[in-house]
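Participant: Before we start, here is the structure in question, set down as C-alpha cells.
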2 protein chains.
Amino acid sequence: MNSPKTINDVATSLGIPERSVLRYGSDKAKIDLNYLLDLPERDSRLILVTAISPTPAGEGKTTTTIGLADGLRQIGVNAVMALREPSMGPVFGMKGGATGGGKAQLIPSDDINLHFTGDFAAIAEANNLLAAVVDNALHFATVEIDPRTICIRRAMDVNDRALRDVVVGLGGRTGGVTRESGFDITAASQIMATFCMATSLTDLSERLSQIVVGADFEGDDVTVADLGVTGALTAVLRDALAPNLVQSLEGSPAIVHGGPFANIAHGCNSVIATKAALGLGDVAITEAGFGADLGAEKFFDVMCRQAGLAPDLSIVVATVRALKYHGGQDLADLEKENVEAVRAGMPNLTKHVRTLQEVFGQKVLVAINQFGADTPAEIAAIEEAMGELEVDVALSNHFGEGGEGAVDLAHATVRALESPSHTTLCYSNEATLEDKAQTVVRRVYGGAGATFTRAAQRELTRLQKAGYGRLPVCIAKTQYSFSTDPKVLGAPSGFDVPIREVRLSAGAGFVVLISGSIMTMPGLPKRPSACDISVSADGTISGLH
Amino acid sequence: MNSPKTINDVATSLGIPERSVLRYGSDKAKIDLNYLLDLPERDSRLILVTAISPTPAGEGKTTTTIGLADGLRQIGVNAVMALREPSMGPVFGMKGGATGGGKAQLIPSDDINLHFTGDFAAIAEANNLLAAVVDNALHFATVEIDPRTICIRRAMDVNDRALRDVVVGLGGRTGGVTRESGFDITAASQIMATFCMATSLTDLSERLSQIVVGADFEGDDVTVADLGVTGALTAVLRDALAPNLVQSLEGSPAIVHGGPFANIAHGCNSVIATKAALGLGDVAITEAGFGADLGAEKFFDVMCRQAGLAPDLSIVVATVRALKYHGGQDLADLEKENVEAVRAGMPNLTKHVRTLQEVFGQKVLVAINQFGADTPAEIAAIEEAMGELEVDVALSNHFGEGGEGAVDLAHATVRALESPSHTTLCYSNEATLEDKAQTVVRRVYGGAGATFTRAAQRELTRLQKAGYGRLPVCIAKTQYSFSTDPKVLGAPSGFDVPIREVRLSAGAGFVVLISGSIMTMPGLPKRPSACDISVSADGTISGLH
C-alpha cells in the first residue's frame, strides 16, 4: 500500500514547482492559478464518477472515486482526482464528513471537513458583502432598485432553518429598508455557482459583474456592475480561486475545490479543479454529486456545455445494499441475501446508465462498492442486467483494502477507456427555458413533464424575453428519487415535476428551477451531530464522521 | 533599514522550531499553541500602546506600534508586537485597512486585511452554529428556552445595518419559531470576546460551555453546556486559537490574533497573543483599540484583571494635527501652525495620561507621530504640558523613515522602562456591576455618572442576583469622545453616560453595557470604499487602503 507524503512531495510528484505551491501547514496547499492556466495541453483522459439515486443504505461515491485513483496509481497510471469541498453545515447536522471512508479517504480529513483553506468563508463573505451593498443602495437611494425584486439572498455555511425566511431592515430608519428576504446555505449561493464556473480571475470578475441583484422600477436588471463592487467581490474571492491540493491516505493527489450541492445547485467541483486535474494527470477523475439525474446531468448540461469538457468514460457507483433498498428491502434486512430485491432495484441503476448512454453519449462502467454481505448471486444479477446494456461491472473493495482492493476496478477502467465516449448534451442552447426543463424531466428523470406555478411561469417568460433564454437550466430536486417525492424509489415514470420558483444565476450562466419541496437552506435534525463532537486537550477532534 | 524575511526565518529568529510553525503560504504562519504554552517564563517587559481620542486628523496608533518595534530592533532590543486582526467589514466601508502605513506596515497587508488565516470566519461560524442550535432546540422543543429571553445574536464580518434588527423563523412551521433577533459584526460577538480571553484550548472549551444563550420559563440560565455543543464549538475554533505570526516591512515579528473592537467590545488582542509576545520577546508591545478611555481601560479592567498581566509602561500616541482638531481647528486648516489650538486640544491628551497614571498606576510616555507640517512651537507646547505631569514626549517619524525614524522613541522607551509602572485597577471585583460602571464613568471618562434605562437597570439587578456581580464591566461607547456624544471633543466633564442595554458575556467573563447610540453592527456609508477596489488580471488588489 502506498503512503501519504508531505504536500510538497505530492506537488513535486505532479511536476508543480515549489514556487507555485502555497502551503497551508504541512498537509494542504493551494496551487498557483497562473501556473495552472499556463500548463500545456496534454492528451489526458477524463472520467466522470456518478451514482445511482442515494439511499440510507449507502453508495460510497466519493469513497469509490478515491479508491479508483488509488487503484489506478497501483497499476502505474498517473491519476488525479477533482472533488468538491465539503460544506460545514451538514457536518454538524446529519451527514458527517465527506472525505471518503475506510482505507479510501482524503487527508487531513478534519481540516477538509471544517474550514479547509477558507474558500467557503470567502464565498459567503463575498455574497454577504454584496447583499449589504444592495441594502445600502436601497437605504441611501443611491441606485434605483425596487425592493420587491431583490433576488440576492444572504449565505451562511450552517444548517439553519430559522434563516430561510426572514425580515431584515427593522429597528427604525437607521436600520435600512424593511423587506422580506432569506438565507441560503453557502453551497447553494449564486456566488458559489459563479465561482465554480469561472475559468480565471478575469473570467470570475466578468461573471460577478453580470450577477443580477434585482430590478429598477422600469423592470430593468440591476447588476453588480451597476453597484460598482465587482472589484471588491473579486478581491474577496481572489485567494480562494486557486484550487486546493490534498491527497488520499495512499498519497494519490486530489484537487478539492468548489462545493455546490447537486440537489440545490449544480453539484460539480470547479471548472478550474477539473481542468487542473486534466492538466496534471494522465487520467483525471471528476465527481458529480448525488445520482446521475442530478450531478451528472448538470455536469453535462451546465459545466461541459460552458467549459468544453467531455468525459471519456462515466462510472456509475452502486452497492448491492442500495439496490436491494431500491428494490423494497427493509434497511434492517440489507445484510440478508435477496436476489429478487436486487433485481427489483435494478431499474434505478438501469435508468441512470441508459441516460448516460443515450442522452449523454457516454461509455459507461458500473462500479460495485463491495460490502461483506454481498453474495455472488446478487452480483450476478447486476452483471446480467448490465450485460444487456453492454456495460461492464467491476467490483471494488477500496474501503477495506485501499488501492489494492481497487485494482480490478482500475483495470476495468483502463479497458473501458479503449473505446471512449462521444459526449452529447440533453438539449440545445436554442431551446426555450421551459423546453429545456421539459426535456430534462422527460429524458433524464423519466417523468411526464415539468409543471410551473403561475409565478414560476411568469418569471420564465420574463427571463426568456430579457435575453436569458440561451442559458441552460439547473433543476433543484430531491436527490432520493427521480421524481420530486423522496419516498418514490426505483425508476418511476409518468410523474410531473412541479417547479415552484425560478432564480437567475447570471454569473454562473444558468437558470435555477426549484422543484417540489426542496430547500436551499437545510435545517438541523432533532438531535444534531454537533452534540457528538468533542475535542481533547491536545486538540484531537472526535465524532466528526 | 532592516528587510522582510521569509516567515520561517522570522520564526527561527524567535527560536521557534520549524515543527511548531504552521505556514500559510510563504509569509504567514500560525504558531503551535502547545509550543507557546510550554515556553519557560522569562523576565520580559510589557508595553501597552494606547492613544488620545481618535479624530479624522489621524493618530496612527498601529503605525506607531509597528514603528516602535522596528525602532527597538534598530537599537538591538528583541521586541515582539501583539496586535489585533483587522475586521473585514470596515475595510469595505470607510476605514480601509488596519496594518499601519508608510514605512511602518505589517505584511502581507492585503491578506491580513482580508481573510488572513480564517480566524474571523471560524469565530462567525461557531457563533452561527450556536445560534442555529438554539433555534433548533426551540423548533423541536428539545431544551426548554423562553424564546423572548434568547440573547445569542448571529454574527457576520460585514457592515450591514439591515441585519441589526431582523425577524427570523418565518415561512411556516418548517421554518422554526418566529422571533425577533439581530446580527452583530463578528468583532463584537460574544464568541470573539470569549476566544480572546481564552488561555488554552481547555480554557476555551470551559468558557464556551458557560455562555448563556437565554433562560427557561423559570428564568434559569440555559447555557452552551445545556445544549450539548461545547465540543462542536471548540472543534470549529480549534485551529483559529493558535496565534498568527507575521512581520513588519523591516522584519520585526508581530503576533496578530483576535480582533474585538474597542468601542463595542473589549478591544484587545488575545490573551494568547500578548502572552506569546511576552514569551518570545524581551519587550512585548501590545496595542489596545481607540483612545485610552476605551481600549486601555478594558485592557486593564478586563484583560489584566483576568490574565494577570501588568504593563511596565503605557505609551500614549498623539499627533499635533489631532490635538489641533481637539482644540477646535478645522480639518482643512490642520497644516497651518496654531500653537493655541494645540494648547486648547491638550486636555484630551492630559486626561488620558492622568487616568493612566492615577487610575492604572502607569509609567507613561507620550509618542508624537510626526507629520511634515508640525512646528517646533507646537511640539514645545505639548512638551510643556506633559512636563507638568513628569511625562516625557518622544517624536517619531516611522511613517517616513521606518525603524530609523523611531530610534528616538525607542531610546525614550528604554529609558522609561527603567522606572516601570505599578499597575492598579479601576475598581475591585467586589463592587456591584452598577458601581463598576459609575466608577469607570467618573474616574476614566470624567463624567458625572452612568444612568440606566429601566430595562438596563432590571437586567443589571438580575445579573447581580444571579451571581455575575463579580465580573468586570465592558462599556460600549463612541470612540470619538469621553462622553457618549461623538461631537464633544477635548476633555468634557459633568456629562451622564446613559446605558440602554446590558449583555452578559459569560464566556469572556464580563458584562457589556451599551451606552448612547453606539451600534454593535455598523452600517456602510453612502459611498462604500468597496466601490474603489479593483483587481488586475494578475491578482494585484488596488484601493484596499
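Participant: For a test of the definition: using alpha carbon positions, the gyration tensor, and the 1.5 limit on a/c, classify the protein assembly as shown as rounded, prolate or oblate.
Facilitator: Working: a/c = 2.01, a/b = 1.80, b/c = 1.12.
It is prolate, given that a/c is not under 1.5 and a/b is the larger ratio.
Participant: Estimate the FRET efficiency between A:ASN2 and B:ASP538 by the formula 1/(1 + (r/R0)^6), using the beta-carbon distance for r and 35 Å for R0, to the nearest 0.05.
Facilitator: Details: r = 37 Å, r/R0 = 1.05.
About 0.40, to the nearest 0.05.
Participant: Another question, then. Any idea what the B:ARG462 label distances to the other copies are, label 7 Å down the Cα→Cβ vector, nm, shortest first?
Facilitator: For B:ARG462, the inter-copy label distances come out at 4.4 nm.
Participant: Between chains A and B, what is the buried accessible area in Å², counting both sides, with a 1.4 Å probe and ligands, DNA and RNA left out, to the nearest 100? Intermediate values should be presented prior to the final figure.
Facilitator: Values: alone 20720 and 20740 Å², together 35820 Å².
Heavy-atom accessible area buried at this interface is about 5600 Å².
Participant: Then there is this: Using the 7 Å Cα-to-Cβ label point, sort the distances from A:GLU384 to its equivalents in the other copies shortest first and give them in nm to one decimal.
Facilitator: 10.7
Participant: In the structure shown, do any of A:LYS30/B:LYS30; B:LYS298/B:LYS351; A:LYS5/A:LYS30; A:LYS324/A:LYS436; A:LYS30/A:LYS275; B:LYS487/B:LYS526 have a Cα-Cα gap over 22 Å, and if so which? Write down the numbers at each step before the final one.
Facilitator: Details: A:LYS30/B:LYS30 17 Å; B:LYS298/B:LYS351 17 Å; A:LYS5/A:LYS30 16 Å; A:LYS324/A:LYS436 33 Å; A:LYS30/A:LYS275 15 Å; B:LYS487/B:LYS526 20 Å.
Exceeds cut-off: A:LYS324/A:LYS436.
Participant: About the Cα centre, and with charges only on the beta carbon of Lys, Arg (+1) and Asp, Glu (-1), how big is the dipole of chain B? Nearest 20 debye, please. Show your work: numbers first, answer last.
Facilitator: Values: 46 positive and 63 negative charges, 202 e Å.
Dipole of chain B, to the nearest 20 debye: 960 debye.
Participant: Identify, among A:GLY172, A:GLY214, A:HIS139, the residue whose Cα sits farthest towards the positive end of the charge dipole of region A:119-239, taking +1 on the Cβ of Lys and Arg and -1 on the Cβ of Asp and Glu, with the dipole about the Cα centre.
Facilitator: Among A:GLY172, A:GLY214, A:HIS139, the one farthest towards the positive end of the dipole of region A:119-239 is A:GLY172.
Participant: Give the nm distances, rounded to one decimal, from A:GLN306 to the matching residue in every other copy, measuring between label points 7 Å along Cα toward the beta carbon; shortest first.
Facilitator: So the distances to the same position in the other copies read 4.5 nm.
Participant: Sticking with this one: Counting DSSP beta bridges in chain B, what percent are antiparallel, to the nearest 5? Show your work: numbers first, answer last.
Facilitator: Details: 29 of 67 bridges.
Of those bridges, close to 45 percent are antiparallel.
Participant: Also, I was wondering about something else. Decide, for region B:119-239, between rounded, prolate and oblate: order the square roots of the alpha carbon gyration tensor eigenvalues as a ≥ b ≥ c, take rounded if a/c falls under 1.5, and otherwise choose prolate if a/b is larger than b/c, else oblate. Write out the running numbers ahead of the final one.
Facilitator: Numbers: a/c = 1.93, a/b = 1.24, b/c = 1.55.
In terms of gyration-tensor shape, oblate.
Participant: What's the longest bit of chain B with no exposed GluC sites (Glu not before Pro), using DSSP loop states and at most 16 other Cβ atoms within 10 Å as the test?
Facilitator: Numbers: sites that count: B:GLU41, B:GLU144, B:GLU218, B:GLU335, B:GLU337, B:GLU390, B:GLU418, B:GLU430.
By the stated rule (loop sites, at most 16 other Cβ atoms within 10 Å), B:219-334.
Participant: Where does chain A land at 222 nm, in deg cm²/dmol rounded to the nearest 500, when only DSSP H runs of n ≥ 4 count, each adding -39500 (n - 2.57), divided by all residues?
Facilitator: Working: 18 runs with 163 residues, N = 545.
Roughly -8500 deg cm²/dmol at 222 nm, from the helical runs in chain A.
Participant: Averaged over A:13-24, how many beta carbons belonging to a partner chain fall within 10 Å of each residue's beta carbon?
Facilitator: Numbers: counts 0, 0, 0, 0, 0, 1, 1, 0, 2, 6, 6, 8.
That average works out to 2.
Participant: Run the quick spin-label model on A:GLU180 and B:GLU384: label points 7 Å from Cα toward the beta carbon, then report their separation in nm to one decimal.
Facilitator: 6.9 nm
Participant: Let me ask something else about it. Starting from the Cα of A:GLU41, step 7 Å toward the Cβ, then list every residue of region A:295-309 with an amide N under 14 Å from that point.
Facilitator: A:308-309, by backbone N distance to the label point.
Participant: Once whole DSSP H runs in chain A are found, which of them have Cα atoms spread over 24 Å or more along the helix axis and a mean Kyte-Doolittle score of at least 0.5? Don't skip to the end; give the middle numbers.
Facilitator: Details: long enough: A:119-140 (31 Å, 0.83).
TM-like helix candidates: A:119-140.
Participant: Which shape class applies to region A:132-202: rounded if a/c is under 1.5, otherwise prolate when a/b exceeds b/c and oblate if not, where a ≥ b ≥ c are the square roots of the Cα gyration tensor eigenvalues? Spell out each step's value before the answer.
Facilitator: Details: a/c = 2.74, a/b = 1.38, b/c = 1.98.
Because a/c hits 1.5 or more and a/b fails to exceed b/c, region A:132-202 counts as oblate.
Participant: Loop by DSSP (not H, G, I, E, B), at most 12 other beta-carbon atoms within 10 Å: where is the longest site-free stretch of chain A for trypsin sites (Lys or Arg not before Pro)? Each step should come with its number before you reach the end.
Facilitator: Values: sites that count: A:ARG42, A:LYS336, A:LYS487, A:LYS526.
The longest uninterrupted stretch comes out as A:43-335.
Participant: On to the next question. Suppose every Lys and Arg Cβ carries +1 and every Asp and Glu Cβ carries -1, with no other charges. What dipole size does region A:433-515 come out with about its Cα centre, to the nearest 20 debye?
Facilitator: In debye, rounded to 20, region A:433-515 gives about 180.
Participant: Still on this structure, please answer the following. Count neighbours as other Cβ atoms within 10 Å of each site's Cβ, and list the chymotrypsin sites (Phe, Trp or Tyr not before Pro) in region B:175-260 that are DSSP loop with at most 10 such neighbours.
Facilitator: Values: sites: B:PHE183, B:PHE195, B:PHE217; in loops: B:PHE217.
Hits after loop and neighbour filter: B:PHE217.
Participant: So how strong a dipole does the protein assembly as shown carry about its Cα centre when Lys and Arg Cβ are +1 and Asp and Glu Cβ are -1, to the nearest 20 debye?
Facilitator: Working: 92 positive and 126 negative charges, 373 e Å.
I would put it at about 1800 debye.
Participant: Sticking with this one: Antiparallel versus total DSSP beta bridges in the protein assembly as shown: what percent is that, nearest 5? List each step's numbers first, then the result.
Facilitator: Values: 60 of 136 bridges.
If I count the DSSP bridges inside the protein assembly as shown, around 45 percent turn out antiparallel.
Participant: At 0.36 nm per residue, minus the direct Cα-Cα distance, what do A:ASP333 and A:THR453 gain on full extension? Give it in nm, one decimal, please. Provide the component values of the computation, followed by the final result.
Facilitator: Working: separation 120, 0.36 × 120 = 43.20 nm, distance 4.09 nm.
So the chain would gain 39.1 nm between A:ASP333 and A:THR453.
Participant: Can you tell me what share of the DSSP beta bridges in region A:119-239 is antiparallel? A percent to the nearest 5 is fine.
Facilitator: Details: 6 of 9 bridges.
Roughly 65 percent of the DSSP beta bridges within region A:119-239 come out antiparallel.
Participant: Okay, next question. Each label point is 7 Å from the Cα along the Cα-to-Cβ direction; what then is the distance between the points at A:SER26 and B:ARG148, in nm?
Facilitator: In this crude label model, A:SER26 to B:ARG148 measures out at 5.7 nm.
Participant: What is the gain in length, in nm to one decimal, between B:LYS465 and B:ALA141 on full extension, counting 0.36 nm per residue of separation less the C-alpha to C-alpha distance?
Facilitator: Values: separation 324, 0.36 × 324 = 116.64 nm, distance 2.78 nm.
Value of the extension gain: 113.9 nm.
The values are calculated or read from the model by the stated rules, or taken from the named source; none is laboratory data. No experiment lies behind these values; they were computed from the predicted model shown. Because the Cβ atoms are built from the backbone with ideal geometry, glycine has one as well, and the counts that use them run over all protein chains shown. SASA here: full protein model, heavy atoms, side chains in, ligands and nucleic acids out. Shrake-Rupley method; radii C 1.70, N 1.55, O 1.52, S 1.80 Å.
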